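Written out below as structure tokens is the structure these notes cover.
The values are calculated or read from the model by the stated rules, or taken from the named source; none is laboratory data. Bear in mind that the values here come from a model prediction, so they are computed numbers and not experimental data. We place every Cβ from the backbone using ideal geometry, glycine too, and count neighbours over all the protein chains shown.
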Amino acid sequence: MSILVYLDSADGKIKKSALEVITYGADLAKMKNEKLVGVVIGSCTDDLSQLGKYGLQEVYWINKGETRVSAQDTDALAIGELAEQLQATTLLFSHSLNGKLLAPLASTRLKAGIVTGVIEIPDLTNGITVKKSVFSGKAYASIEIKSNRCVLTINPNSYSVKEVGGNAIVTESTIQIPASRIKSRSVQKIAGELSLTEATTVVSAGRGLKGPENWGMVEELATSLHAALACSRPVADAHWRPHHEHVGQTGIAIAPNLYIAIGISGAIQHLAGVNRSKVIVVINKDPEAPFFKAADYGIVGDAFEIVPKLTAAIKNLNAN
Amino acid sequence: MKILVCISKTPDTTAKIAFTDNNTKFDTNGVQWIVNPWDEWFALVRAIELKEANPAAILHLITVGESDADPIIRKALALGGDEAFRINAVATDGQYVAEQIAAVAKTGNYDLLLTGKETIDYNGSAMGGILAGLLDYPYISLATKLDIQNNQAIVTREIEGGEEICEAPLPLVISAQKGMAEARIPNMRGIMAARTKPLHVLEPVSSSNLTSIKQYHLPTAKSGVKLIPADQPEELVRLLHEEAKVI
């Protein structure tokens with residue numbers, strides 16, 4: 001019996017969210033007294049045996065020589081086949097772009113119950129019950145899974161990576177991935193951007209910035225914090241910023257350690273996408289902005305004066 | 001070409017989220033219901049655009065829900081679509097919904113099955129993939145663009161750090177997100193026409209129920225904001241560094 005973790009990679013590197021899922025799997029494997037096994041698809045430049053450090057015991061490597069830009073739908077069939085070979089009780093993915101593609105296809109292949117967006121280790125006292133985020137972060141639900149085998153996707157930034165030490169045995173798998181009927185024509189990468197869902201710090205700005213020409217100071221603040229950039233919906237709708245930066249109920253839901261909101265009033269739809277952030281800082285000139293009620297720290301005042309000073313203070317901290 | 005758009009009924013984005021019966025049921029008291037924005041704004045509107053470009057195309061809508069979902073289907077039909085199906089059952093989870101829709105899709109010979117990337121209530125993001133798995137159709141998730149050329153779909157999808165343009169044969173299942181289309185508002189003619197469009201109510205097929213919600217929880221409220229004077233941003237930096245330990 002084992003737990004199988006899909007190791008999400010991008011550009012040949014194992015992603016941080018995959019390490020979080022390994023840690024989740026290691027804790028679950030200990031509770032269930034099962035082996036923790038990983039699966040990687042396509043070429044990878046990281047030393048996979050080093051993943052043992054996070055509790056992974058074995059890694060199966062499918063299509064080692066193939067350079068990949070992203071997961072494809074039929075990968076899920078190969079992962080499902082491996083799960084059967086290993087008699088995996090649990091199949092874990094990150095709730096990432098690849099996880100959202102593969103997890104439901106794999107659960108169908110395995111006739112397994114699926115719960116996505118899981119935020120905590122399962123409760124095993126009576127079968128398996130997992131807690132997931134629902135209503136776009138406005139609530140949580142505890143969900144019982146009634147099948148013997150289950151597929152879970154774990155929300156990024158909800159489970160901290162832990163090192164336990166050890167080495168993983170890496171084995172090349174002979175499982176064949178069926179050819180996908182979908183053919184790639186071209187790929188466009190947006191260079192140098194931090195993944196918003198994986199970022200530990202996010203700097204976000206809204207209509208209070210008055211126009212796209214004023215984003216320079218926000219970018220500078222984000223750079224000083226190694227943070228990803230985000231924005232509110234009106235800003236994306238007005239095309240001040242690209243749509244993929246829109247966080248909120250109808251944008252991306254994020255849960256960074258630190259979320260800094262500048263000139264965003266904090267409408268309920270925006271809060272829904274960010275209220276799982278561990279610490280929220282709000283900078284707004286309106287003391288009545290609803291966002292202050294959801295914030296940990298706040299500054300009431302003019303963003304155009306505060307933000308450059310804040311960036312200077314952070315640079316000062318970084319320098320010391 | 002035959003298109004099937006899967007829609008869900010969800011609480012309005014401003015709805016207050018509360019629970020009853022010892023936190024086991026969603027409190028629907030005073031809740032306004034809408035078509036799930038991801039289904040309506042992107043999947044449905046793009047399907048309507050494809051039909052406008054190709055008037056011979058047939059556009060069907062489908063939902064899983066009890067009779068209280070009828071007004072939501074009519075709302076969607078007011079935007080466009082020829083007829084709709086409602087599977088008369090409670091949508092318990094994404095798998096159940098996918099099994100119900102697959103049963104209709106199997107006999108309907110649809111070329112294109114579209115759904116939103118997730119619902120704004122259960123945020124599953126799994127129904128489209130399960131549907132594709134059940135039908136053994138190719139699946140493209142999180143698509144931002146869709147065109148049909150020579151009986152092939154040309155689709156742009158979001159991938160890690162960028163986007164990929166791919167081509168796929170029909171039939172095909174796609175989950176749609178932002179970029180796919182611009183939200184529309186139904187006009188009076190559409191609303192009137194929707195009243196008489198056929199709405200077929202079907203009984204559910206037997207289906208696996210592999211998950212069930214045991215309890216809901218509301219997040220613990222924040223203890224209150226700590227305000228820092230506007231002229232002391234360095235104090236905020238100190239607190240984030242020493243107290244919150246996040247920088």
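Of note:
- Counted residues, segment B:125-152 - those being under 22 Å from residue A:244 (Cβ atoms) and part of a strand (DSSP E or B): 9
- Lone unmet requirement of (1) of a type outside the set (D, E, K, R); (2) within 11 Å of chain A (Cβ to nearest Cβ); (3) loosely packed, with under 14 Cβ neighbours inside 10 Å; (4) under 19 Å from residue B:191 (Cβ atoms) for residue B:71: (2)
- Count of residues meeting criterion [in contact with a strand residue (DSSP E or B) (Cβ under 9 Å, 6 or more places away or on another chain) and either among the aliphatic types (A, V, I, L, M) or within 13 Å of chain A (Cβ to nearest Cβ) (or both)] in segment B:100-116: 9
- Checked against (1) crowded, with 19+ Cβ neighbours inside 10 Å; (2) within 30 Å of residue A:188 (Cα to Cα); (3) in contact with a helix residue (DSSP H, G or I) (Cβ under 8 Å, 6 or more places away or on another chain), residue B:155 passes all but a single condition, namely (3).
- The sole residue among B:221, B:193, B:230 that is of a type outside the set (Val, Ile, Thr), surrounded by 14 or more Cβ atoms within 10 Å (Cβ to Cβ) and more than 7 Å from chain A (Cβ to nearest Cβ) is B:193.
- Meets criteria (under 19 Å from the mean Cα position of the chain (by Cα) and in a strand (DSSP E or B)) for residue A:99: no
- Test: residue A:196 is more than 23 Å from residue A:316 (Cβ to Cβ), outside the structural domain of residue A:287 (by TED's automatic domain parsing), touching a strand residue (DSSP E or B) at 6+ places or on another chain (Cβ under 9 Å) and touching a residue at least 24 places away in the same chain (Cβ under 8 Å): yes
- Residue list for segment A:165-201, restricted to those being more than 9 Å from chain B (Cβ to nearest Cβ), over 16 Å from residue A:73 (Cβ atoms) and not β-branched (Val, Ile, Thr): A:165, A:166, A:167, A:168, A:172, A:173, A:192, A:194, A:196, A:198, A:199
- Among the residues of segment A:50-68, the ones that are under 13 Å from residue A:12 (Cβ atoms) and among the hydrophobic types (A, V, I, L, M, F, W, C) come to 1 in all.
- Applying the criterion of at least 2 residues that are crowded, with 20+ Cβ neighbours inside 10 Å, in contact with a strand residue (DSSP E or B) (Cβ under 8 Å, 6 or more places away or on another chain) and without any contact (Cβ under 8 Å) to a residue 40 or more places away in the chain to the strands (runs of 3 or more DSSP E) found wholly in segment A:1-80 leaves A:35-41.
Every residue, every condition in (1) at pLDDT below 95; (2) among the hydrophobic types (A, V, I, L, M, F, W, C); (3) in contact with a helix residue (DSSP H, G or I) (Cβ under 6 Å, 6 or more places away or on another chain); (4) more than 27 Å from residue A:249 (Cβ to Cβ), yes or no:
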position: A:53; (1), (2), (3), (4): no, no, no, yes
position: A:104; (1), (2), (3), (4): no, no, yes, no
position: A:109; (1), (2), (3), (4): no, no, yes, yes
position: A:114; (1), (2), (3), (4): no, yes, yes, no
position: A:118; (1), (2), (3), (4): no, yes, no, no
position: A:129; (1), (2), (3), (4): no, no, no, no
position: A:137; (1), (2), (3), (4): yes, no, yes, no
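- Number of the exception - residue B:119 against (1) in a strand (DSSP E or B); (2) of a type outside the set (Phe, Trp, Tyr); (3) more than 8 Å from chain A (Cβ to nearest Cβ); (4) in contact (Cβ under 8 Å) with a residue 24 or more places away in the chain: (1)
- Search result, residues across segment B:173-194 that are within 18 Å of residue B:48 (Cβ to Cβ) and outside any loop (DSSP other than H, G, I, E, B): B:174, B:175, B:176, B:188, B:189, B:190, B:191, B:192, B:193, B:194
- Residue check, residue A:92 closer than 25 Å to residue B:102 by Cβ, modelled with pLDDT of 95 or more and either among the polar types (S, T, N, Q) or crowded, with 19+ Cβ neighbours inside 10 Å (or both): no
- First in segment B:122-146 and more than 7 Å from chain A (Cβ to nearest Cβ), second anywhere and surrounded by fewer than 22 Cβ atoms within 10 Å (Cβ to Cβ) and polar (S, T, N, Q), Cβ under 6 Å, 6 or more apart: B:144/B:156; B:145/B:156
- Considered as a group, the residues in segment A:107-122 that are within 8 Å of chain B (Cβ to nearest Cβ) and outside any strand (DSSP E or B) include one that is farthest from residue A:8 (Cα to Cα), and that residue is A:111.
Residue by residue, here is whether (1) surrounded by fewer than 22 Cβ atoms within 10 Å (Cβ to Cβ); (2) assigned to a loop (DSSP other than H, G, I, E, B); (3) at the interface with chain B (Cβ under 7 Å from one of its Cβ atoms) holds:
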residue: A:277; (1), (2), (3): no, yes, no
residue: A:288; (1), (2), (3): yes, yes, no
residue: A:291; (1), (2), (3): no, no, no
residue: A:307; (1), (2), (3): no, no, no
residue: A:310; (1), (2), (3): no, no, yes
residue: A:313; (1), (2), (3): yes, no, yes
residue: A:318; (1), (2), (3): yes, no, no
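- If only residues of segment B:81-99 that are surrounded by 18 or more Cβ atoms within 10 Å (Cβ to Cβ) and away from chain A (no Cβ under 14 Å) are counted, the one that is nearest to residue B:156 (Cα to Cα) is B:81.
- Matching strands (runs of 3 or more DSSP E) fully within segment B:1-44 where at least 1 residues are modelled with pLDDT of 95 or more and over 17 Å from the mean Cα position of the chain (by Cα): B:2-6
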